[in-house]
Amino acid sequence: MMMGQLDLSLSTPVLWALAAAVCFPFLLAGVARAPRFSRRNALQFLVASVATTGGWAALSYATTADGASAWDLAIGAMLLMDALIVYLEVWALLSRGYTLGMLLTLYRASGPLDELSLAKSYRTGDGEGLGWIMKHRLQGLKRTGLVTTDHGRVRLTRALGAAAACLYLITRRILGLRQSG
């Protein structure tokens with residue numbers, strides 16, 4: 001049995017998607033160093049992702065002689081989005097990896113720390129300790145409209161916060177997940 005010739009060439013949008021995926025970490029590193037985006041990790045990733053995706057789309061369009069086929073564009077987009085999802089997971093771990101932050105705190109310590117010393121030493125550059133995690137998470141919940149504070153008390157918002165908590169509870173029960181933390 002003889003097979004015909006197998007074409008393993010890549011289309012222009014696919015090649016640009018692979019190139020964009022390789023270049024993305026460098027762009028993200030540049031955006032992360034821009035003073036305007038300092039300490040705004042989610043925005044850093046968003047800006048780099050939008051710029052990369054826009055660059056890929058522009059280059060795919062500009063460098064394809066007869067116009068890229070819908071299939072080639074779809075495959076290129078899927079490859080690029082897959083790469084961005086992987087990078088997002090790595091970025092989230094590096095930028096908000098609380099466990100890794102604790103390991104780094106222990107690494108920087110001159111010797112072993114008890115739990116209280118570890119809690120106080122966490123994020124020593126900011127002098128905030130482990131309380132920073134709660135403060136940071138609470139700020140995110142407030143910004144997204146899931147919680148509100150009244151006179152130092154935190155409560156779910158009626159519409160969005162309660163619905164999100166209920167959906168989370170139902171999903172955990174359906175999937176048989178146990179609460180962590």
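Tally time: how many residues in the stretch 93-112 are hydroxyl-bearing (Ser, Thr, Tyr) and not in a helix (DSSP H, G or I)? Walk me through it before giving the result.
Start the filter on the stretch 93-112 by keeping residues that are hydroxyl-bearing (Ser, Thr, Tyr), which leaves 95, 98-99, 105, 107, 110.
Filter again for not in a helix (DSSP H, G or I), leaving 110.
Looking only at that region, the number is 1.
Considering Leu28, Leu18, which residue is farther than 18 Å from Met78 by Cβ and either assigned to a helix (DSSP H, G or I) or not hydroxyl-bearing (Ser, Thr, Tyr) (or both)?
Values: Leu18 fails: farther than 18 Å from Met78 by Cβ.
Exactly one residue qualifies, and that residue is Leu28.
Any residue that is at negative phi, part of a helix (DSSP H, G or I) and either at pLDDT below 85 or in contact with a Gly (Cβ under 7 Å, 6 or more places away or on another chain) (or both) - is there at least one of those in the stretch 57-64? Checking the stretch 57-64: at least one residue is at negative phi, part of a helix (DSSP H, G or I) and either at pLDDT below 85 or in contact with a Gly (Cβ under 7 Å, 6 or more places away or on another chain) (or both). Put simply, of Ala42, Ala48 the only residue that is modelled with pLDDT of 90 or more and under 26 Å from Gly30 (Cα atoms) is Ala48. Does Ser69 fit the bill of being touching a residue at least 24 places away in the same chain (Cβ under 8 Å) and closer than 23 Å to Ala34 by Cβ? So Ser69 fails the test. Of the residues making up the stretch 1-44, those that are small (Gly, Ala, Ser) and under 24 Å from Asp82 (Cα atoms) are Ser9, Ser11, Ala17, Ala19, Ala20, Ala21, Ala29, Gly30, Ala32, Ala42. Consider Met102 carefully, then state whether it is out of contact with any strand residue (DSSP E or B) (no Cβ under 6 Å at 6 or more places or on another chain), within 15 Å of His136 (Cβ to Cβ) and surrounded by 13 or more Cβ atoms within 10 Å (Cβ to Cβ). Answer is yes for this residue.
Checked against (1) of a type in the set (Gly, Ala, Ser); (2) surrounded by 17 or more Cβ atoms within 10 Å (Cβ to Cβ); (3) farther than 20 Å from Gly140 by Cβ, Gly30 passes all but condition (2).
The values are calculated or read from the model by the stated rules, or taken from the named source; none is laboratory data. This is a predicted model, so every value here is computed, not measured. Methodologically, a virtual Cβ is constructed for each residue, glycine included, from the backbone with ideal geometry; neighbour enumeration extends over all protein chains shown.
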